[in-house]
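Asks: Sharing a structure, written as structure tokens. Questions coming.
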Amino acid sequence: MKKLSIFIPLILGSLVGLLLMNSFDFYKELIKPPLAPPNWLFPIMWSILYLLMGVSYYLVNKDYSNTIVRQVYYLQLFFNLLWPIIFFIFEQLGLSSLWIIVLDILIIIMIYMFKQINKKASYLQIPYLLWTIFATYLNVSIFILNL
């Protein structure tokens, strides 16, 4: 059952991706900041990051089961999965900006907690944090540019 934890973020992320399939016209019309990547890069990056997230959680969870660590992990995953719905489907640029900042904080907390248990697991989360900080830059910039 614990090995299934590797695929949970990938499966849930894929489901959210399917839900968003018809919501990208909104994004195409927005004024975007410099450094905005091409649209095709997002699903590739998120697939890699969800896989790393799952492997990382598996490494932490396989020998150590702490309720608080588990809660932080699933809370950040919840924030992660709901962010694109807020941004793309509900088109709430301000709320999604605040939401992703909370996600950044939760990821930092998660990495810190993972490091106490398994350093490799915490290192696997660093690309996720960096990409989410970049996504925060995009989200906040898009919000400001499209007021």
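Asks: Restricting attention to the range 6-65, and to residues there that are hydroxyl-bearing (S, T, Y) and part of a loop (DSSP other than H, G, I, E, B), which single residue is modelled with the highest pLDDT?
Replies: Per the criteria, the residue is S23.
Asks: Here is a further query. Here are T132, T136: which of them is in a helix (DSSP H, G or I) and within 16 Å of Y50 (Cβ to Cβ)?
Replies: T132
Asks: Could I ask something else about it? Name the single residue, out of those in the range 88-129 being aromatic (F, W, Y) and either assigned to a helix (DSSP H, G or I) or touching a strand residue (DSSP E or B) at 6+ places or on another chain (Cβ under 9 Å) (or both), that is nearest to F26 (Cα to Cα).
Replies: F88
Asks: If you don't mind, there's one more thing I want to ask. Taking the range 15-68, which residues are among the small types (G, A, S) and touching a residue at least 24 places away in the same chain (Cβ under 8 Å)?
Replies: Hits for the range 15-68 are G17, S23, A36, S47, G54, S56.
Asks: Determine, yes or no, whether L77 is surrounded by fewer than 19 Cβ atoms within 10 Å (Cβ to Cβ) and either of a type in the set (D, E, K, R) or not in a loop (DSSP other than H, G, I, E, B) (or both).
Replies: no
Asks: Same structure again: Every residue in the range 98-121 that is of a type in the set (S, T, N, Q) and surrounded by 16 or more Cβ atoms within 10 Å (Cβ to Cβ), please.
Replies: If the condition is that a residue be of a type in the set (S, T, N, Q) and surrounded by 16 or more Cβ atoms within 10 Å (Cβ to Cβ), then N118 is the only one that fits.
Asks: Taking the range 1-25, which residues are farther than 29 Å from A121 by Cα and loosely packed, with under 12 Cβ neighbours inside 10 Å?
Replies: If the condition is that a residue be farther than 29 Å from A121 by Cα and loosely packed, with under 12 Cβ neighbours inside 10 Å, then M21, N22, D25 are the ones that fit.
Asks: Kindly indicate whether Y58 is surrounded by 11 or more Cβ atoms within 10 Å (Cβ to Cβ), aromatic (F, W, Y) and closer than 25 Å to I109 by Cβ.
Replies: yes
Asks: Within the group L95, L129, which residue is free of Cβ contacts under 8 Å to residues at least 24 places away in the same chain and surrounded by fewer than 18 Cβ atoms within 10 Å (Cβ to Cβ)?
Replies: Answer to the selection: L95.
Asks: Please give the number of the condition Q116 fails out of (1) of a type outside the set (V, I, T); (2) at pLDDT 95 or above; (3) farther than 22 Å from L41 by Cβ.
Replies: (2)
The values are calculated or read from the model by the stated rules, or taken from the named source; none is laboratory data. Predicted model only: the values in this text are computed from it and were never measured. When we count neighbours, we look across all protein chains shown, and the Cβ atoms used for this are built from the backbone with ideal geometry, even at glycine.
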